[in-house]
Amino acid sequence: MKQKDMLTIIVTAIVAIVAAIILSKYLFSSNSSSLNEPVYVVPSISDNFPIPSNKYFNSQSIDPTQIINIAPGNNQNIFNNSGN
């Protein structure tokens with residue numbers, strides 16, 4: 001690269017930086033009145049749950065969390081590769 005080309009690149013970079021600083025002051029407003037934006041307040045989440053009604057949750061209700069056995073599981077070495 002010639003010294004003339006290097007000087008052109010440096011001058012162009014300085015002009016670009018100055019232009020960016022000047023334009024950013026107009027594009028990005030720092031006016032505090034325009035920075036106030038309404039937000040929605042989300043209610044906090046609690047880990048306290050009320051006890052459910054005995055009408056639906058009682059001792060005669062179906063327990064959907066019970067263990068379901070699909071097939072008998074007699075194999076004690078399920079990761080043994082010698083069988084197949």
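The values are calculated or read from the model by the stated rules, or taken from the named source; none is laboratory data. A quick note: this is a predicted structure, and the numbers were derived from the prediction, not measured. We work out accessible area using only protein heavy atoms, side chains counted, and drop any ligands, DNA or RNA first. Shrake-Rupley method; radii C 1.70, N 1.55, O 1.52, S 1.80 Å.
Could you sort Leu27, Leu7 by their accessible area in this structure, using a 1.4 Å probe and putting the largest first?
Leu27, Leu7
Roll a 1.4 Å probe over the protein heavy atoms and report the accessible area of Tyr56 in Å², nearest 10.
Estimated to the nearest 10 Å², Tyr56 gives 150 Å².
Note down the accessible area of Phe28, probe 1.4 Å, to the nearest 10 Å².
Around 150 Å² of this residue is reachable by solvent.
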